[in-house]
1. Residues of the range B:109-125 being touching a helix residue (DSSP H, G or I) at 6+ places or on another chain (Cβ under 9 Å), surrounded by fewer than 24 Cβ atoms within 10 Å (Cβ to Cβ) and not acidic (Asp, Glu), which ones?
2. Looking only at residues in the range A:334-387 that are closer than 14 Å to A:ALA9 by Cβ and in a loop (DSSP other than H, G, I, E, B), which one is nearest to the other protein chains (Cβ to nearest Cβ)?
3. Is the range A:151-167 home to any residue that is over 21 Å from A:GLY374 (Cα atoms), among the β-branched types (Val, Ile, Thr) and within 12 Å of chain B (Cβ to nearest Cβ)?
4. Scan B:LYS344, B:LYS305, B:LYS332 and give me the residue that is under 14 Å from B:ASN177 (Cα atoms) and of a type outside the set (A, V, I, L, M).
5. Mind telling me which of the residues B:ASP287, B:ASP255 ends up being outside the structural domain of B:GLU35 (by TED's automatic domain parsing), charged (D, E, K, R) and touching a helix residue (DSSP H, G or I) at 6+ places or on another chain (Cβ under 8 Å)?
6. Given the conditions (1) at the interface with chain B (Cβ under 8 Å from one of its Cβ atoms); (2) farther than 23 Å from B:ALA378 by Cβ, report the number of the one that A:TRP18 does not fulfil.
7. State whether one or more residues within the range B:121-131 are more than 14 Å from chain A (Cβ to nearest Cβ) and under 30 Å from A:TYR70 (Cβ atoms).
8. Are any residues in the range A:126-150 surrounded by fewer than 23 Cβ atoms within 10 Å (Cβ to Cβ) and in contact with a His (Cβ under 9 Å, 6 or more places away or on another chain), and if so, which ones?
Protein chains: 2
Amino acid sequence: MREVAVIGAGCTTFGEKWDTSFRNLFVEAGALALEDAGVSGEQIDAMYVGNMSAGRFIEQEHIGALIADYAGLASHHVPATRVEAACASGGLSFRQAVIAVASGLEDIVVAAGVEKMTDVGTGASVDALAGAADREWEGFAGATFPGLYAMIAQDYMHRYPLTREQLGLVAVKNHYNGARNPIAQFQQEISLDTVLKSSLVADPLRLFDCSPITDGAAAVVVAPLERAREFTDAPVRVLASAQASDTITLHDRRDISTLDATVAAGRRAFRMAGLSTSDIDMVEVHDCFTIAEICAIEDLGFCRKGEAGRFTEEGITALNGDLPVNTSGGLKACGHPVGATGIKQVYEITKQLRGEAGRRQISGAEIGMTHNVGGTGATVAVHILGV
Amino acid sequence: MREVAVIGAGCTTFGEKWDTSFRNLFVEAGALALEDAGVSGEQIDAMYVGNMSAGRFIEQEHIGALIADYAGLASHHVPATRVEAACASGGLSFRQAVIAVASGLEDIVVAAGVEKMTDVGTGASVDALAGAADREWEGFAGATFPGLYAMIAQDYMHRYPLTREQLGLVAVKNHYNGARNPIAQFQQEISLDTVLKSSLVADPLRLFDCSPITDGAAAVVVAPLERAREFTDAPVRVLASAQASDTITLHDRRDISTLDATVAAGRRAFRMAGLSTSDIDMVEVHDCFTIAEICAIEDLGFCRKGEAGRFTEEGITALNGDLPVNTSGGLKACGHPVGATGIKQVYEITKQLRGEAGRRQISGAEIGMTHNVGGTGATVAVHILGV
C-alpha cells in the first residue's frame, strides 16, 4: 500500500446555521480545503462524503452526486461516494479516501462530512438520531441517545470511582477549549456549577453533559505521501486507519461501560502505526456525552478503567496537560453535526500538527489521534496522524 | 494494486416479502454468499453494504453495524461500512470492496446490498425514492422518477427513431428472462400487448415500462486473485471497476437522453480492462424503466445513438442474441430492491460465468459487464468481470 498524507483541510463554522443549506455547507468546507491544499477541482480524482441522515433531516439521499455537482465537479464526472455509519460517518469517509489513495487507484481525493440538522424540529431530529441505535430493539422501546448514554453512565458510576463533579469537568474543559476555537458552536467558558445546575436530561446526564444539535461541514484532501510536497510544505502523514464494529444494541454487549469496538480499533491503529499511547501528543475523542469521553480515554488505553475521572480532575486532559483531549472543544463545545464530526477531528489534528491552532495550540505536537463513534459504539474509527 | 476476484455469491428471492425483515434479508443473502464461497464468518476482514434509504423505509441508519451484528460478526469487530448512492448503492458497495482488497488492506471482504421497501406504503416509498433526485429542484416541484424518466423518453423519441412498440419489447424480453430466473420477482412472460395496454404512468411510460417496488438482498465475497483458489475452482476476476458522476438534476444536463456518466464510466471500465464492447458476452444494465435500457446500451457503446430500439426489435439483446442484455430479467422482471440491485447484477454475471444460470445460461460466456445507475444518471458504476 502507498503511504497517504493530508495535504489540505477546511471547515465551516459549526452552529445553528439557519442562513445556509446542506449543499452550501459542503461547498464552503470543500472550497476551504481545496484552497488550503492549493488543489483545483480538475485535479480531484474522487470524493467521499460522510453523512448520517440527510434522508430524515432534509429528505435527500444520493449525497455523493449532490455534493460533486454543487462543488462543480460533475463536468468531469468525479466518482463521489457517500459513506454512512451514524455519527462515525465522517471517520469512515476519511478511511475510505485513505484506502482509495493507498490502493493506487486514485491520487487526489476529498474526504468530507456534512450534516444539516436544524431544518427539522428537535423532536424529529432526536428521532432521526435514534436511527443510529437499533430501531426495533431500542428506538421503538423509547430509548433515545441521552437515555442510552445515561445507562452507560449509571453502570460506569456504579462500578468505578467517578464523581458527578469529575463528569462535569469534562464539559468544563471542552468549553474552555471551544472558547479558543473560532469554528466552535459554543465559544464560551463555563463553570462546573453551570453543568451541575443545568436541566436533568437523563439521570445522571444533564444538559451540559450533552453535545448539541449542529449544522456544519468539514473536508480534507488526501494524496499519496510521495506527491504531497507538490502541494504543501507541511503534509500530515496518515500513520494508521482502523475501524471496528460491535453489537448495535447496548443490551447485547459483554460490558456496557467498556466500548469494545474502541478497544479493538485503538489496538489495530497502534499496531498499524507501530506506536503506543505514550507517543500520542493529543487526541480528539468522541464526547457526544461527557461519559463517552471518560470511556474513550480508558478504552483507547490512555489510562486504566476507572481512572479517567481522576485523570480529568487532575488536568491531564487539559490544554496544558500531558494528554490534551479534544483541543477543538470536542463534540460538546465545538458542536456535533453528526456526519461532519469525524472529518472535523482530522481537521483539528491537522491544524495542531501544522502549528496553526492559535490559542489552543499544543506546542511541539507531532502525533495526534482521532476517535469517532457511531451509535453507542457499534462503529468506531480511529486514525493516527503525524508530521 | 492487487487483482481481485469474486469467490462466492448469494441472493435472496426478490419480491414483496412481507414475512421477513430488512436484517433477515441481509443475513439470508450473506449466509448464501459465504456458503457459496466456503468462507466462515471468522475469515471475513471487512463488509460493505449498499443501501439507499433505510432511514426512510424502516427508520434505521447505521446499516453497516446492524448487518455485521446480525451476521454474527460483531464478536470479532469486523469493519462494516454502508455506502449510498441511491439505486447505485449496490454497485458502489461492490466497488469499495474491490478497492479495499486491491489496496492490500483487507483480504476477504463481503460486498452486500439490501433494501426493504414494502414496510411503508407506496406513496411513502415513491417519496423516499424521490430522494435520489434533487429534492429542492425536482422533488419539491413534484417530479417523481417515472416523471423524470418519461421526460428522458419524450426527448429521446422526439430525436431518435424509437417506436412505442420497440420500447415495450424491452419489457417483453426482460420478462422472458425473468421467467427463467428462480430469484425473480416476476417469473412470467408477457406479451407486447400487455405492455401497450397497461396503465399509463407518465407518458409515454406505462406500468410495464417501470421496475417494481421490491424487497431483497444480495451479497458477494471478494478476495485477492492470488488467494481465490483456496476457496473456489471458479474464481471470477474483476477486470475493471469504474464510477462516474453527473449533475443530480436533469435540467442541468448537456443532453438528457444521453447519460454522460454512463458514457464516462463505460469508457473508464473498458480502458481499465483493456477491452472493447465486442469482448463483452453479456451485460446487466440498469433498466429502472424501459427507456433506461435503451439509453444504456447506446451510452455504453454497444450501438450508436438511436439504434437501440432496432437492436432490441431484431433480438440482438435477447437471451439467444449477439449481446444478451439483462439475462436476470433486469430491474423490470427480476425486481429492484434499490440498494441490492448493483450486487444482484454482479451475482447474475458470476452465475453466468460459472455456467450456473440454468435455463437462462449464455453458452460459453467468458466476460460480462454490470451497469448500475443512481437517480437519473448522477451516479453510474460499471464493472467488467471475466473468467
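The values are calculated or read from the model by the stated rules, or taken from the named source; none is laboratory data. Since this is a predicted model, take the numbers as computed values, not measurements. Glycine gets a Cβ as well: all are built from the backbone with ideal geometry, and neighbour counts include every protein chain shown.
1. In the first step, residues of the range B:109-125 are kept if they are touching a helix residue (DSSP H, G or I) at 6+ places or on another chain (Cβ under 9 Å); the result is B:109-120, B:124-125.
Right, trim to surrounded by fewer than 24 Cβ atoms within 10 Å (Cβ to Cβ) and you get B:118-120, B:124-125.
Those that are touching a helix residue (DSSP H, G or I) at 6+ places or on another chain (Cβ under 9 Å), surrounded by fewer than 24 Cβ atoms within 10 Å (Cβ to Cβ) and not acidic (Asp, Glu): B:THR118, B:VAL120, B:ALA124, B:SER125.
2. Among them, the one singled out is A:ALA340.
3. Looking for residues that are over 21 Å from A:GLY374 (Cα atoms), among the β-branched types (Val, Ile, Thr) and within 12 Å of chain B (Cβ to nearest Cβ), one finds none in the range A:151-167, hence no.
4. B:LYS332
5. Numbers: B:ASP255 fails: touching a helix residue (DSSP H, G or I) at 6+ places or on another chain (Cβ under 8 Å).
Within the list B:ASP287, B:ASP255, the selection yields B:ASP287.
6. Every listed condition holds for A:TRP18 apart from (1).
7. no
8. Passing the criteria: A:TRP137, A:GLU138.
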